[in-house]
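**Student:** I have a structure I would like to understand better, so I am pasting it below and will then ask my questions one at a time.
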Amino acid sequence: MRLNEEIGDHMRTRRFAAGLAAFAAMTLALSACSGETGGGSGGGDVEMTLWQNSTTGPGQQFWKDAIAAFEKENDGVTIKMQSVQNEDMDGKLQTALNAGDPPDIFLQRGGGKMTAMANAGQLMDLTDLISDDIRSEISEGSFAAETYQDKVWAMPLSVLPGGFFYSQDAFDKAGISDTPATIDDLKSDVEALKGTGIAPIALGAKDAWPAAHWYYFFAIRECSPKVIEATGDSKDFSDDCWTRAAQDLVDFNGISPFNEGFLTTAAQQGAGSSAGLVANRKAAMELMGAWDPGVIASLTPDEKPLPDLAWFPFPEVSGGDGEPGSMMGGVDGYSCSAQAPKECADFLNFIASSEQQTKYYEAFQSPPVNSVAQKSVTEPYLQQILEAYNSAPFVSQWLDTVLGQNVGNALNVAVVDMLAGGSDPQKFIAAVNAAGAQG
């Protein structure tokens, strides 16, 4: 909602060993709030704050239940949960960290963002605090995604590769018998779907990052792994593949594949969001990370999973330098702030256990990172994602995560501006190069 990789503040190459069927769920976006930092509150009692991003439905209930179960097993420990909208998370968290008043437990997206926090001394080193049981049930590759300078800074919970989530019924109605293998195939399918009266592809560009995902995927098809990794280090987009990827996106946008008003459509909140359009059968598909099934399920009329939901990977681009089958996705985990009490690490071990990870999967409709809990995964599309992910020759984290908050946000905004007609591929590259030069 995957792994043999180095993590730093640059783009990571993710080459995964066989058997790393790790990745789980959900969008885990965070709610913002003032951070009460933990510590004893007198009489030996401990109070901690948790920031997470599931604001409604089974996802939020998972966190409530997990907290209640942990508190029951740990007398004197209280965890106050705050739900924050995903799009608000990064900015509010960074503000709280910089002010020295962060939550004790919070979502960690990894990549350059995590590296910056570790270098600033804002995170607890979890390396020696992870239990032996958890070490045996979660792959080293998953921990590698949360590692910087040989130290583990977050507990991995979700490996979230991207791809297309679609309605099989919508494809059947349009006479589409096979999922698209190439971008030309996808363009043909878009035209077929237009004749059925629904939007071919839902896009919530109001939030910027969903639109930027399109550029990320064109880039991983056009650019070689070596170039992607080098650009993550240099933040220099001068290689021609980056411009080709931008032109691919402009050309694809030219066939009007997205929902009407996509530039002002939110991604994951409400029936009118891009996920909501798929959930309510007003759009056939959406390009999104592996947390999307849970979001779609929360937005269907009966708040149950879409029964005909299916998945396919981003199609190949003819003539691109990328390795066929490469994927884009992130590894989400949870970190403890540097000043959090030791019970914070205990809680992370608790939610990474097979029992809690099975509940996590059931709540978020995504495969869990815990290998024991993965045996509970039954949905064909989730099994399909795992198979594609495990066989991928190259996996990169989301570009905005790898590039860090400043450059990543500038890239996302520049993509939306290009889709809105405010720039062209050359101006787009100039804008992201300027952001990269500033760091």
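**Student:** Report yes if some residue within the range 135-149 is over 30 Å from Ala363 (Cα atoms) and open to solvent by 60 Å² or more (accessible area, probe 1.4 Å); otherwise report no.
**Tutor:** Within the range 135-149 (the criterion being over 30 Å from Ala363 (Cα atoms) and open to solvent by 60 Å² or more (accessible area, probe 1.4 Å)), the answer is yes, since at least one residue qualifies.
**Student:** Spot the failing condition for Val369; the list is (1) under 23 Å from Asp104 (Cα atoms); (2) not in a loop (DSSP other than H, G, I, E, B), and only one is missed.
**Tutor:** (2)
**Student:** Do we find that Ala170 is in the same structural domain as Ala208 (by the TED database), modelled with pLDDT of 95 or more and farther than 23 Å from Met327 by Cβ in this structure?
**Tutor:** yes
**Student:** At least 3 residues that are open to solvent by 60 Å² or more (accessible area, probe 1.4 Å) and closer than 20 Å to Asp424 by Cα in each: list the helices (runs of 4 or more DSSP H) lying fully within the range 176-282 that qualify.
**Tutor:** In the range 176-282, the matching helices (runs of 4 or more DSSP H) lie at 240-253.
**Student:** What are the pairs with Cβ atoms under 8 angstrom where one residue, in the range 218-229, is more than 23 Å from Asn253 (Cα to Cα) and the other, located anywhere, is part of a loop (DSSP other than H, G, I, E, B) and of a type in the set (S, T, N, Q)? Sequence gap at least six, or different chains.
**Tutor:** Pairs that qualify, where the first residue is more than 23 Å from Asn253 (Cα to Cα) and the partner is part of a loop (DSSP other than H, G, I, E, B) and of a type in the set (S, T, N, Q), are Pro225/Thr13; Pro225/Ser326; Ile228/Thr13; Glu229/Thr13.
**Student:** If Thr378 satisfies every condition in (1) in a loop (DSSP other than H, G, I, E, B); (2) open to solvent by less than 30 Å² (accessible area, probe 1.4 Å); (3) within 23 Å of Val295 (Cβ to Cβ) but one, which is the exception?
**Tutor:** Going through the list (1) in a loop (DSSP other than H, G, I, E, B); (2) open to solvent by less than 30 Å² (accessible area, probe 1.4 Å); (3) within 23 Å of Val295 (Cβ to Cβ), Thr378 breaks only (2).
**Student:** Let me ask something else. Residues to consider are Leu157, Leu126; find the one that is under 20 Å from Tyr360 (Cβ atoms) and part of a strand (DSSP E or B).
**Tutor:** Answer to the selection: Leu157.
**Student:** Search the range 283-307 for residues being open to solvent by less than 60 Å² (accessible area, probe 1.4 Å) and in a loop (DSSP other than H, G, I, E, B), and hand back the single one that is nearest to Phe164 (Cα to Cα).
**Tutor:** Ala290
**Student:** If you take the residues in the range 318-340 that are modelled with pLDDT of 95 or more and crowded, with 22+ Cβ neighbours inside 10 Å, which one is farthest from Pro161 (Cα to Cα)?
**Tutor:** Among those that are modelled with pLDDT of 95 or more and crowded, with 22+ Cβ neighbours inside 10 Å, it is Ala340.
**Student:** Run down Glu73, Glu87 and say which single residue is more than 24 Å from Ser298 (Cα to Cα) and either out of contact with any Ser or Thr (no Cβ under 9 Å at 6 or more places or on another chain) or surrounded by 14 or more Cβ atoms within 10 Å (Cβ to Cβ) (or both).
**Tutor:** Glu73
**Student:** Another question, if that's okay. Which is touching a Phe, Trp or Tyr at 6+ places or on another chain (Cβ under 8 Å) and modelled with pLDDT of 95 or more, of Thr231, Thr196, Thr179?
**Tutor:** Thr179
The values are calculated or read from the model by the stated rules, or taken from the named source; none is laboratory data. Here the structure is a predicted model, which is why all the values come from computation and not from measurement. Backbone-built Cβ (ideal geometry, glycine too); neighbour counts: all protein chains shown. Heavy atoms of the whole protein, side chains included, go into the accessibility calculation; ligands, DNA and RNA do not. Shrake-Rupley method; radii C 1.70, N 1.55, O 1.52, S 1.80 Å.
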